[in-house]
Amino acid sequence: MKLKLINTSVLGASLLLSAVSFTSCCDDNDWDVDGNYDRMFHTTSLSVDAKDDRVGVIFDKVPGAISYQVEINRDTLYDDIELNANGNSIIQELTTSPDTIYDLEGTTKYFLRMRTLGENGKVSKWKYLAKYSFRTKSEQIISNIVPASRSAKVYFNAAKTIDRAFVYKDEDSVKIDNENIDFENGEINVTGLKANTTYRVKLWNGENCRGNMSFKTTEDFPEGYDVINLSINDDLNEILATSSNSKVVILMPQGMEYFMPKGTDGTYTTPVIPENITSVYFWGAVGESQPTFHARGINVNGNKDIVRFYNLNLVNEGTGADYILNISGSNDINKIQIDKCSVSKTRGVVRFQSINGGTVNEITINNCMISNIGSYGVFNSKDQKALNIGTLNLTNSTISGVAAGALINAGQSGMNINVDHCTIYNSVQAGKSLIDVNKLTDIVPNISNTLIGPFNGSDGTKTIKGCSMKGQVNVSSTFYTSDQLWNSGFELGNDIPATSKDFWTDAVNGDFTITVAYRDTYGQYGDPRWVTE
């Protein structure tokens, strides 16, 4: 059989002519396109940065895009779901990357998708997150809590929706009545609490916790007192003078630093407790830091039942050298109390001068840290013969760095002086007495459970007296370090076989924790705050 040969040159020419003939049927290559496929491209990259009430959206831009439509919903989103199908979507158009979408709720799972919007209504297909959803972080819409003894005021961002609030004590919770919630202004009154107790408040919207903060109520305020919240711009003297109640609590918020207003001469005015006030508490609110009260030489006018300072940092720095209390005139005072305070940078703590009569039944300084005190010491009533003082108590406190002729300088016949569970270091000048009774033979101080270190300016040879009247003191369970030197016969207690450097962790810098070697023997004495289990 013979094969028939084909002329390939002729065939190629024929195919070329056919191709030319086919293309010539179209106009300028303007092919017909199915309108269903005439759309924008979606972004090739989509991610989020979730916060508590918002989410950052990060994406790559697409050529020709006008904007990028984002839909966020708590329900699942996929291609067959119409835009905002359940009516609960957050829909926004973005033009820049990254950008942020707000008004989300914390601790909530959201689904997100994006598509490109172009000219003439063109849109792309939906682009989804790699995991389709994201979760917001926990929210904190509570801005502040101001506790009282049996109640608290909670402040929150009113722009954030809540439907209920609870107060928790340990594992127990109590719903706060809606009548105690000011939804419009973001304030909640929490009542029915116990004094000096830790609680937690949580704010809810549906299943989402939008605020969570703990607080501690204050010590119980006394009944029948007006509680006045002091602010830094207030004039304390004006507040006291115009009070309609003779019993007031001046409440200073935590972290506050309060100065008295300046007078016309440019100096700070002196705080005065006027005659119309019979009882006053200067009270520092419970918190991480004590309020600072620059209490320069507070004076008293008229008779008082109680003058009390509680949980305050009492200083005179920046107001001139003076005293915390500088009492003169003729007043009958039942009690003066300084409790749970830090006292420093002042010439003296409690001083009486220019007295022409009056009685003070009790003065108590308890649970305090006292340091950097000048020549009038912790207490001074020397030469005030017209004054009658019942009892002075100095207890559970640390006293260091007192450049005084005497830590306690008493001048009232028959006065009771009690020092118990104190740590005393560097707190009297050489050649002086820790307690000076000014030759009054009927003052017999009581010193118990106290630790004493070397005095101010001790050089290994100079000495001091425990009490200015030899043998006129009752001492029990009181000890002093070996570098504390006394006048012979004027010792207070028994010696410790260690110097102050070896006995305390770092006395020079204010750390009076007893070192391990001496803790078992002496750990029960001195200021209880330094006891280490």
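Below, the figures for the structure above:
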| quantity | calculated |
| --- | --- |
| Cα shape, segment 246-331, gyration tensor, a/c 1.5 rule | oblate |
| Rounded to whole Hz, the Karplus (6.51, -1.76, 1.60) HN-Hα couplings of segment 271-277, x for glycine and proline | x, 10, 8, x, 4, 5, 9 |
| Residue-averaged [θ]222 nm for the chain, counting only DSSP H segments that reach four residues, each worth -39500 (n - 2.57) | -1500 deg cm²/dmol |
| Contour minus Cα-Cα distance for residue 366 and residue 531 (0.36 nm per residue) | 57.7 nm |
| Three-way shape call for segment 236-281 based on the alpha-carbon gyration tensor, with the a/c threshold at 1.5 | oblate |
| Along each principal axis, Cα extent of segment 387-469, largest first, Å | 37, 26, 17 |
| Net charge over other residues, Cβ less than 9 angstrom from the Cβ of residue 336 (K, R count +1; D, E count -1) | +2 |
| About the Cα centre, charge dipole magnitude for the chain (Lys/Arg +1, Asp/Glu -1 at Cβ), debye | 1160 debye |
| Angle between the chain longest axis and helix 8-23 axis [Cα atoms, degrees, rounded to 10] | 60 degrees |
| ³J(HN,Hα) computed for each position of segment 441-447 - Karplus, 6.51 cos²θ - 1.76 cosθ + 1.60, integer Hz, glycine/proline x | 6, 9, 9, 10, x, 10, 10 |
| For segment 481-492, 3J(HN,Hα) per residue [Karplus equation, 6.51 cos²θ - 1.76 cosθ + 1.60, θ = phi - 60°, Hz, x = Gly/Pro] | 6, 5, 8, 8, 10, 10, 4, 4, x, 10, 5, 10 |
| Proximal charge balance of residue 213 [Cβ under 12 Å; K/R count +1, D/E count -1] | +3 |
| Extension gain from residue 441 to residue 183, taking 0.36 nm per residue of separation minus the Cα-Cα distance | 86.1 nm |
| Förster radius 25 Å - calculated FRET efficiency between residue 430 and residue 476, Cβ distance, rounded to 0.05 | 0.40 |
| Charge dipole of the chain about the Cα centre (unit charges at C-beta), most positive-ward option of 415, 144, 46 | 415 |
| Tail beyond 21 Å, pair distance distribution of segment 301-447 (Cα, percent) | 37 percent |
| 5 Å-binned pair-distance histogram of segment 411-533 (Cα, whole percent) | 2, 12, 22, 24, 19, 12, 6, 2, 0 |
| Cα gyration tensor shape for segment 100-160, rounded if a/c is under 1.5, else prolate or oblate | prolate |
| In segment 170-240, trypsin sites (Lys or Arg not before Pro) in a DSSP loop with at most 12 other beta-carbon atoms within 10 Å | 194 |
| Spherically averaged projected area in nm², based on the convex hull that wraps the Cα atoms of the chain | 49.8 nm² |
| Whole-number accessible area per residue in Å² for segment 345-456, which is evaluated in the context of all protein chains at 1.4 Å | 31 Å² |
| Pairwise label distance in nanometres, residue 418 with residue 521, each label 7 Å out on the Cα-Cβ vector | 2.9 nm |
| Linear extension gain, residue 506 paired with residue 220, 0.36 nm per residue minus alpha-carbon span | 99.4 nm |
| Residues whose placed amide H lies under 5 Å from that of residue 227, excluding near-sequence neighbours | 249 |
| Under 5 Å, built H, 5+ apart or other chain: amide partners of residue 486 | 464 |
| Amide H contacts under 5 Å for residue 304, placed H, 5+ residues apart | 332, 333, 334 |
| Charge tally in the Cβ shell below 9 Å around residue 126, where Lys, Arg are +1 and Asp, Glu are -1, residue 126 excluded | +2 |
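The values are calculated or read from the model by the stated rules, or taken from the named source; none is laboratory data. As the structure is a computational prediction, the values presented were derived from the model and not from experiment. Reconstructed Cβ throughout: ideal geometry from the backbone, glycine too, with neighbour counts over all protein chains shown. Keep in mind that these areas ignore ligands, DNA and RNA; they rest on the heavy atoms of the full protein, side chains included. Shrake-Rupley method; radii C 1.70, N 1.55, O 1.52, S 1.80 Å.
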